[in-house]
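Please read the structure below before turning to the comments.
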Amino acid sequence: MNVKLLHTSDLHIDWLFGKFSEQARKVRRRELLRVLDVIADVAIAEEVQGVLVAGDLFDSSRVDRHTLTTVWLAFERLTNRGIKVFVIPGNHDEEITRMFAGIGEDNENVYLFAPGRENVVELENLTIYGVPYETAVSGSSPLQRLRKRDNPGYHVAMLHGTVKTLPLVRDNYGPIEAAEIADSGMDYIALGHYHNFQDCSAGRVKAFYSGSPSTLSFDNIGERYVLLVEFSAVGTGITPVPIPSRPYKVYQYNATGKTLPDLYRQLERWTDPEACVKVIIKGIVDLDLYPLQVKIREQFAEKFFYLEVVEDTTLVPACHPNDQTIKGIFIRKINERLNSPNLTEEERLLLLETLRVGLTAIEGRRLD
């Protein structure tokens, strides 16, 4: 008998979007809530037997009743179609079972795994193991708390943690070794915590991060997915299903030798009222253009859904090319060196210090 499941994680409903305007923040939080309906649409259309939510359904354990009720109604929409829902808590919503207390009616087809409970669900031809995130044991692998049962059919584990082979890992919540995955005896491990799609399969065991189904920050731009997991006699098949999400874009701009109108013209070309955009400005910038962030936001903030400007620039005084004073010649020589393509970071820092000390002496100021 074939089995079909849908795997998602890290919806982070009620994400703060702290840097956004109040109106943009409200829009984005509504969009995160609506993603659950999109996921339900996919689950119903694909006629899956169950939906796996591998942690961090919510961004925190402090969620208002309206949001909780809306999520529960989405679950009931699935269970009314015969689709079971399995949810484990993550490091952001560790108290998820308490959060749902008193919301709606008990639903035997919604499984909220939690510490101290029987966290194994035995179904026809399928056994689901939910390993809830627990702060007290977050330094150990969640696979250490899983004991495979001698049941027929397919075995699926739900974990919220960090596979050590992940690129650019910034934390060590629930560290998982690839060898543990290979030795788990599972047919599939539904992973949560990492916000991008990632294949962490090892040995004969399929293990995947679905990634967040909605873009949450500039750290997880790119296509968003839920994963269709199909078990059959020939093996386990994984199909990423794209989920529409508000675009996030990152642009870099080299401001060396450029004027403010040059920068404004480029920003006009990038304008997108539906996009969240980060502009990283690099290069050597005249002090006359400082502060760029303020000037850009004043001119362009309303032309993007959200605009973030990051300055990674070197500030130097403006200097006319025909200035033959000692100060003019000194600045021009330093700028020429700073523009050298083979300049090392150590040399750049030394040149900037030379510029600071030299201008202080030329202008007759006291060196701090």
Taking MET99, MET1 and counting other beta carbon atoms within 10 angstrom, the fewest-first order is MET1, MET99
For PRO132, the net charge from surrounding residues (Cβ-Cβ under 14 Å; K, R +1; D, E -1) works out to -3
Over 10 Å intervals from 0, what percent of Cα-Cα pairs in segment 28-101 sits in each interval? 19, 54, 26, 1
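Between LYS327 and TYR251, what FRET efficiency follows from the Cβ-Cβ distance if R0 is 45 Å, with the result rounded to 0.05? If you can, show how the numbers build up before the last one.
Numbers: r = 35 Å, r/R0 = 0.78.
Using R0 = 45 Å, I get an efficiency of 0.80.
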Can you give the three extents of the C-alpha atoms in segment 199-332 along their principal axes, from longest to shortest, in whole Å? 83, 35, 18
If each residue's Cβ is checked for other Cβ atoms within 10 Å, how do ARG366, ARG297 rank with the fewest at the top? ARG366, ARG297
Under a Gaussian network model of the chain whose springs join Cα atoms within less than 10 Å, the largest fluctuation of ALA233, ALA43, ALA255 belongs to ALA233
Read-out P(r) over Cα pairs in 20 Å bins from 0, in percent, candidates [x] 25, 54, 21, 0; [y] 25, 42, 24, 9, 0; [z] 25, 51, 22, 3; calculated match is [y]
Straight-line reach from LYS26: which lysines have Cα under 24 Å away, leaving out those fewer than 8 places along the same chain? LYS249, LYS278, LYS303
Taking Cα pairs under 8 Å and at least six residues apart, what relative contact order does the chain come out at, in percent? 12 percent
Can you give the charge dipole size of segment 319-368 about its Cα centre, rounded to the nearest 20 debye, using +1 on the beta carbon of Lys and Arg and -1 on the beta carbon of Asp and Glu? 200 debye
Take the alpha carbon atoms of segment 296-331, find their center, do the same for segment 11-46, and report the distance between the two centers in whole angstrom. 37 Å
Per residue of segment 351-359, what does 6.51 cos²θ - 1.76 cosθ + 1.60 with θ = phi - 60° give for ³J(HN,Hα)? Whole Hz please, x for Gly and Pro, Karplus curve as stated. 5, 5, 5, 4, 4, 4, 5, x, 5
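May I ask you to work out the translational diffusion coefficient for segment 108-189 at 10 °C, viscosity 1.306 mPa s, via Stokes-Einstein with Rh from the Kirkwood sum over Cα pairs, reported in whole µm²/s?
Numbers: Rh = 13.5 Å.
Diffusion coefficient, whole number: 117 µm²/s.
Grab the beta carbon distance between LEU73 and ARG117, set R0 = 25 Å, and tell me the FRET efficiency rounded to 0.05. Kindly include the intermediate steps, with their values, before the conclusion.
Working: r = 24 Å, r/R0 = 0.95.
Plugging the Cβ-Cβ distance into 1/(1 + (r/R0)^6) gives 0.60.
Provide the gained length on full extension for the span ARG25 to ASP106, in nm with one decimal, where the gain is 0.36 nm per separating residue minus the Cα-Cα distance. Kindly include the intermediate steps, with their values, before the conclusion.
On the way: separation 81, 0.36 × 81 = 29.16 nm, distance 3.24 nm.
Once the chain is fully extended between ARG25 and ASP106, it gains 25.9 nm.
Rg over Rh of segment 247-316, using C-alpha atoms and the Kirkwood radius, what does it come to?
Working: Rg = 11.4 Å, Rh = 12.1 Å.
Result: Rg/Rh = 0.94.
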Can you list the HN-Hα couplings for segment 340-348, worked out from phi with the Karplus curve (6.51, -1.76, 1.60; θ = phi - 60°), rounded to whole Hz and with x for Gly and Pro? 5, x, 9, 5, 7, 5, 4, 5, 4
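On average over all directions, what projected area in square nanometres does segment 319-368 have, based on the convex hull of its Cα atoms?
On the way: hull surface 15.0 nm².
Mean projected area for segment 319-368: 3.8 nm², to one decimal.
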Pull up the cross-link candidates among the lysines for LYS148, meaning alpha carbon to alpha carbon under 25 Å and not fewer than 8 places away within one chain. LYS4, LYS84, LYS164, LYS206
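What Kirkwood radius, in Å to one decimal, follows from the Cα pairs of segment 1-139? Working shown, then result.
Details: mean 1/r = 0.0638 Å⁻¹.
So the Kirkwood estimate lands at 15.7 Å.
Kirkwood hydrodynamic radius (Cα pairs, Å) of segment 203-247? Let's see the in-between values first.
Numbers: mean 1/r = 0.0834 Å⁻¹.
Hydrodynamic radius (Kirkwood, Cα pairs) of segment 203-247 is 12.0 Å.
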Can you tell me which aspartates and glutamates have their Cα less than 15 Å from the Cα of LYS295? Leave out same-chain residues fewer than eight positions away. ASP262, GLU268, ASP286, GLU308, GLU311
Amide H to amide H under 5 Å from VAL316: which residues, 5+ apart in sequence or cross-chain, H placed 1.01 Å off N in plane? VAL285, ASP286, LEU287
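Computed from the coordinates by the stated procedures, all read-outs in this text should not be read as laboratory data. Remember, it's a predicted structure, so these values are computed and weren't measured experimentally. Reconstructed Cβ throughout: ideal geometry from the backbone, glycine too, with neighbour counts over all protein chains shown.
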